[in-house]
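A.B. asks: The structure that follows is given in the form of C-alpha cells.
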Amino acid sequence: MLRADVLVIGAGGAGLYAAIEAARRGADVLLLDRSLVGRGGATVMAQMTVAAALGSETEDDPAHHLRDTLAAGRDLCDPRLARLLCEDGVEVIREMDAWKAGWARHGDGRIRQVQAPGHDRPRCVYVDFLSTGPAVSRALRTQAQRQGGIRRMGEVLVTDLVLSDGRVQGAVALDLAHGVPLRIAAGATIIATGGLTRLYRRNSASANMAGDGYALALRAGATLIDMEFVQFFPIGHLAPRMIGMDPIMWDPFRYKLGGRLLNGAMEEFTDRYGAPDGGRYVVTRDLATYAITREVAAGRGSPSGGAWLSFQHVPEAVLRENFGPVIDRLAANGIDLTQTAVEVAPIAHYHMGGIRVDPAMHTGIPGLLAAGEAVGGANGANRLSGNAITEALAFGRVAGREAAAIAARDGTGWNDAAARDALALAGGTGPARPGGNTAALFHRLQAVMADDVGPFRTAAGLARAARRLDDLATELGEAPAGAPLPHDLARADWFDLRAGLQVAQAVVLAATARTESRGAHQREDHPGLDAAWTHNQTVALERGCLCLASQPVAEAA
C-alpha cells in the first residue's frame, strides 16, 4: 500500500507545478507518470511560445489577454477560468523565470515577447531555438527535486480511481515495469494527464495522451465539458520526411519571420476564406485549418495533400540568427529553407474540452481535482495560441494549493472493499492469451476519429463513427487477456483502449448534437455559427451510459 497526502496523476507541466505547490504547503506528495517523470506529456514537447501579459515589449494587462482569449473561444469560455489563466499566468511565468527557465531576453535584460496569432500585441515569451517546452520541463524537474516532500514514480498506469462514500480516496494502478497492481491511498487526487489528441491518426501528442484522465474522472462521477472541440494545428509538418523533430515546429518560424502559406499553384489563399494573412501569420488556427482543408478539397493542394509553407524570401543569415542549430538539424534532414518550401497540413494538437472544474480546480467529486489540459472550459471553442503552457502552470499551482488544504483537513483513508473490482481488473487473469491485437485496435480507433471526427464533420460521418466505436468496444471485451507481465504493452494498450473508446464516444456524442459550426467544431452540414448554440455541452456517465446535457456559459465572477 502506498500512501500520500496528495496524489498527482501525470507529471507534465501541470502535474509538476501541482506537486511543487502542494509540497510547498506541507503536503506529502506522490507524483506518478506513465513514462519518466517530467519527460512525458505535452509540455516537454512544446517548442513554441507561452502567453503572459508581462508588458515587456509594449504596455499590456491581463485584461487585454483575457479579451483575446474570450474572442478566440467564440463566446463559450468559462470567464472565471479564462481570467485565472490570464491573471495568474503573469505570476507563474515570472516564477518560472526565477527558476531559470531561460526566457529569451533583449540586450538590456528585458524578456522578449513576440506576437502570436489571435493576440493584439506581442505577448508570448519563449526560449531560443525551439527549446521552450524542454526548458520549462527542466526547470520544473529541478525545482521538484529541490523541493522536499515529493516522491516520484514513473512507469505507472493508473487504471481506476477508488471511491468510498462518494469521495475519491486514491487510486488503483499497474506498475508497468513489474506487472503488479498498486493500491494508492491519498487525501486528495489531482488528474493532470493532458488531453486526447493521440486518438487521432495524425497528431502531435505524446504516446500517453489518449484521454485516460477524462475516463478516470467520468467513472468516478465527474462531468466532462466541451468535448466536441478538438483543435487541429494547421501547419503540422507533412513532407519531406523529417526525423527527430516536432511536427508542429513551423509555428515559431512563421510568426517570428513571416512565412508564405501557398496552395499547389504557389498562390497565397487564406484571404479567400475571410482570413487575410499576407505572410504575417495573424490567422487563428481554426481559420487556417479551414482554409488549407478547403484548398486541398478543391484540388489545389500540394503534392502530399496539404499546403506549401515557404521561407525562401528570408535570408539565410536571418534564419540562422533566429533558429541557429535548428537550421543544421533541418539540413541533416535534407531541408534547405532558402531553396525549397515544405509541405504542411492540419494535425490534431489540443483539446479545448475536458473535466469540468470550478476556479479552485474542484471537479465536484470530493477529493478529486484536475489541472492543465485535463481541464475543460477555459478555452471555449478554440484555444488562443500560447495559452497551453500558461494554463498548465497556472491551473497546476491552484490545484496543488487546494489539494494540500483538502488533505490537511480531511486526512487519508482507504476502503479495500471499494477497490476490489479495480484491483481484480488490473491484476487479474482475463481471457487466455493470445487475445485480440490491441495495437491494431488502437490504430482502428485512430482511423475512425481521423476519418469521421476530424476538423470537418457531418451527421452521416458522426453516425458512422458511433457505430464503428461500438464495434471496437465489443471487440475489446470486459478484461485484458492473460495475467499481467512485466512491461506488458498489450495490457497497457487494453486500458488505453478502454479509456480512449469511452472518451471518443463522448466526443462523437457532443459533436453530433452541436448542429452549428463554431471554432474548432465545424459541421459541413450546418455551416455558420448559430447564436442559439451559445451554451456548453456536458457529458456524464450514468448507469454505464454516456449522457449529454447542456448548461449556460458561466458568468464572470
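The values are calculated or read from the model by the stated rules, or taken from the named source; none is laboratory data. All of these numbers come straight from a predicted model, not from anything done at the bench. All Cβ positions, even for glycine, are placed from backbone atoms using ideal geometry, and neighbour counts span all protein chains on display.
A.B. asks: Among the candidates Gly454, Gly436, single out the residue that is in contact with a Pro (Cβ under 9 Å, 6 or more places away or on another chain), outside any helix (DSSP H, G or I) and either free of Cβ contacts under 8 Å to residues at least 40 places away in the same chain or not assigned by TED's automatic domain parsing to the domain that holds Arg167 (or both).
C.D. replies: Working: Gly436 fails: in contact with a Pro (Cβ under 9 Å, 6 or more places away or on another chain).
Answer to the check: Gly454.
A.B. asks: Sort out which residues of segment 1-38 are part of a loop (DSSP other than H, G, I, E, B) and either among the acidic types (Asp, Glu) or farther than 25 Å from Ala492 by Cα (or both), and write them in order of number.
C.D. replies: Residues satisfying the conditions are Arg25, Gly26, Ala27, Asp28, Asp33.
A.B. asks: Taking segment 338-390, which residues are more than 19 Å from the chain's Cα centre (by Cα), in a loop (DSSP other than H, G, I, E, B) and aliphatic (A, V, I, L, M)?
C.D. replies: Within segment 338-390, Ala341, Ala360, Ile365 qualify.
A.B. asks: Can you name the condition, by its number, that Tyr281 falls short on among (1) touching a Lys or Arg at 6+ places or on another chain (Cβ under 6 Å); (2) at pLDDT 85 or above?
C.D. replies: That leaves (2) as the condition not met.
A.B. asks: Something else: Which one of these is under 16 Å from Ala557 (Cα atoms), among the aliphatic types (A, V, I, L, M) and assigned by TED's automatic domain parsing to the domain that holds Ala135: Ala71, Ala98, Ala63?
C.D. replies: Exactly one of Ala71, Ala98, Ala63 is under 16 Å from Ala557 (Cα atoms), among the aliphatic types (A, V, I, L, M) and assigned by TED's automatic domain parsing to the domain that holds Ala135, namely Ala63.
A.B. asks: Go through segment 286-309 and count every residue that is in contact with a strand residue (DSSP E or B) (Cβ under 6 Å, 6 or more places away or on another chain), among the hydrophobic types (A, V, I, L, M, F, W, C) and assigned to a helix (DSSP H, G or I).
C.D. replies: So the answer is 2.
A.B. asks: Please state which of the following conditions Arg464 fails to meet, knowing it meets all the rest: (1) loosely packed, with under 14 Cβ neighbours inside 10 Å; (2) of a type in the set (Lys, Arg); (3) modelled with pLDDT of 95 or more.
C.D. replies: With respect to (1) loosely packed, with under 14 Cβ neighbours inside 10 Å; (2) of a type in the set (Lys, Arg); (3) modelled with pLDDT of 95 or more, Arg464 is out only on (1).
A.B. asks: Any residue in segment 518-530 that is under 17 Å from Ala450 (Cβ atoms) sitting within a Cβ distance under 6 Å of a residue that is acidic (Asp, Glu)? List the pairs, counting only those 6 or more apart or interchain.
C.D. replies: Ala520/Asp286; His521/Glu228
A.B. asks: Checking Gly376 against (1) touching a Cys at 6+ places or on another chain (Cβ under 9 Å); (2) modelled with pLDDT of 95 or more, which test does it fail?
C.D. replies: (1)
A.B. asks: Name the pairs: first residue in segment 255-283 and not assigned by TED's automatic domain parsing to the domain that holds Arg123 and β-branched (Val, Ile, Thr), second residue crowded, with 21+ Cβ neighbours inside 10 Å and modelled with pLDDT of 90 or more, Cβ to Cβ under 6 Å, at least 6 apart or on different chains?
C.D. replies: Thr270/Ala291
A.B. asks: May I pose another question? Given the residues Leu66, Leu76, Leu81, Leu85, which is the only one that is in contact (Cβ under 8 Å) with a residue 60 or more places away in the chain, within 20 Å of Val357 (Cβ to Cβ) and touching a Pro at 6+ places or on another chain (Cβ under 8 Å)? I'd like the intermediate steps shown before the answer.
C.D. replies: Values: Leu66 fails: in contact (Cβ under 8 Å) with a residue 60 or more places away in the chain; Leu76 fails: touching a Pro at 6+ places or on another chain (Cβ under 8 Å); Leu85 fails: touching a Pro at 6+ places or on another chain (Cβ under 8 Å).
None of the others qualify; the one that does is Leu81.
A.B. asks: Give Asp88, Asp68, Asp61, Asp78 a once-over and let me know the one that is modelled with pLDDT of 95 or more, among the acidic types (Asp, Glu), surrounded by fewer than 18 Cβ atoms within 10 Å (Cβ to Cβ) and over 17 Å from the mean Cα position of the chain (by Cα).
C.D. replies: Numbers: Asp88 fails: surrounded by fewer than 18 Cβ atoms within 10 Å (Cβ to Cβ); Asp68 fails: surrounded by fewer than 18 Cβ atoms within 10 Å (Cβ to Cβ); Asp78 fails: surrounded by fewer than 18 Cβ atoms within 10 Å (Cβ to Cβ).
Unique residue meeting the criteria: Asp61.
A.B. asks: Would segment 511-521 turn up any residue that is of a type in the set (A, V, I, L, M, F, W, C) and at pLDDT 95 or above? So that I can check it myself, show each step before the final result.
C.D. replies: So in segment 511-521, the residues of a type in the set (A, V, I, L, M, F, W, C) come out as 511, 513, 520.
Add one more test, that the residue is at pLDDT 95 or above, and what stays is 511, 513.
Yes, because at least one residue in segment 511-521 is of a type in the set (A, V, I, L, M, F, W, C) and at pLDDT 95 or above.
A.B. asks: Now for a separate question. Quick one: in segment 178-213, which of the residues that are touching a Lys or Arg at 6+ places or on another chain (Cβ under 8 Å), among the hydrophobic types (A, V, I, L, M, F, W, C) and closer than 19 Å to Leu16 by Cα is surrounded by the fewest Cβ atoms within 10 Å (Cβ to Cβ)?
C.D. replies: The extreme case among them is Ala207.
A.B. asks: Follow-up question, since we're still on this one. I need every pair where a residue in segment 116-133 that is within 19 Å of Glu91 (Cβ to Cβ) has its Cβ under 8 Å from the Cβ of a residue that is among the basic types (Lys, Arg), sequence separation at least 6 or different chains.
C.D. replies: Going by the 8 Å Cβ cut-off, the qualifying pairs are Val125/Arg112; Tyr126/Arg112.
A.B. asks: Would you check which residues across segment 295-325 are modelled with pLDDT under 90 and touching a helix residue (DSSP H, G or I) at 6+ places or on another chain (Cβ under 9 Å) and list them?
C.D. replies: Passing the criteria: Asn322, Phe323.
A.B. asks: Being over 30 Å from Ala499 (Cα atoms) and in the same structural domain as Arg94 (by TED's automatic domain parsing) is the requirement here; does Gly148 meet it?
C.D. replies: On the way: over 30 Å from Ala499 (Cα atoms): yes; in the same structural domain as Arg94 (by TED's automatic domain parsing): yes.
Against the criterion (over 30 Å from Ala499 (Cα atoms) and in the same structural domain as Arg94 (by TED's automatic domain parsing)), Gly148 qualifies.
A.B. asks: Looking at Thr515, Thr534, which one is in contact (Cβ under 8 Å) with a residue 12 or more places away in the chain, of a type in the set (Ser, Thr, Tyr) and closer than 30 Å to Glu87 by Cα? Give the steps one after another, and end with the answer.
C.D. replies: Numbers: Thr515 fails: closer than 30 Å to Glu87 by Cα.
The conditions single out Thr534.
A.B. asks: For residues in segment 502-517 being outside any helix (DSSP H, G or I) and in contact with a Gly (Cβ under 9 Å, 6 or more places away or on another chain), which is surrounded by the most Cβ atoms within 10 Å (Cβ to Cβ)?
C.D. replies: Our first condition is that a residue be outside any helix (DSSP H, G or I); within segment 502-517, this holds for 514-517.
Those still in the list that are in contact with a Gly (Cβ under 9 Å, 6 or more places away or on another chain) too: 516-517.
Values: Glu516: 16, Ser517: 23.
In this case the residue turns out to be Ser517.
A.B. asks: Taking the options Met242, Met209, name whichever one is in a loop (DSSP other than H, G, I, E, B), more than 16 Å from the chain's Cα centre (by Cα) and in contact (Cβ under 8 Å) with a residue 24 or more places away in the chain.
C.D. replies: Values: Met209 fails: more than 16 Å from the chain's Cα centre (by Cα).
Residue meeting the stated conditions: Met242.
A.B. asks: Condition test on Leu216, is it over 17 Å from Ile355 (Cβ atoms), out of contact with any Lys or Arg (no Cβ under 6 Å at 6 or more places or on another chain) and of a type in the set (A, V, I, L, M)?
C.D. replies: Details: over 17 Å from Ile355 (Cβ atoms): no; out of contact with any Lys or Arg (no Cβ under 6 Å at 6 or more places or on another chain): yes; of a type in the set (A, V, I, L, M): yes.
The answer is no for Leu216.
A.B. asks: While we're on this one: Between a residue in segment 90-114 that is farther than 17 Å from His65 by Cα and any residue that is acidic (Asp, Glu) and assigned to a loop (DSSP other than H, G, I, E, B), which pairs come within a Cβ distance under 6 Å, given they are 6 or more apart or on different chains?
C.D. replies: Ala104/Asp128
A.B. asks: Would you say Gly73 is surrounded by 24 or more Cβ atoms within 10 Å (Cβ to Cβ) and at pLDDT below 95? Before the answer, list the steps.
C.D. replies: Numbers: surrounded by 24 or more Cβ atoms within 10 Å (Cβ to Cβ): yes; at pLDDT below 95: no.
So Gly73 fails the test.
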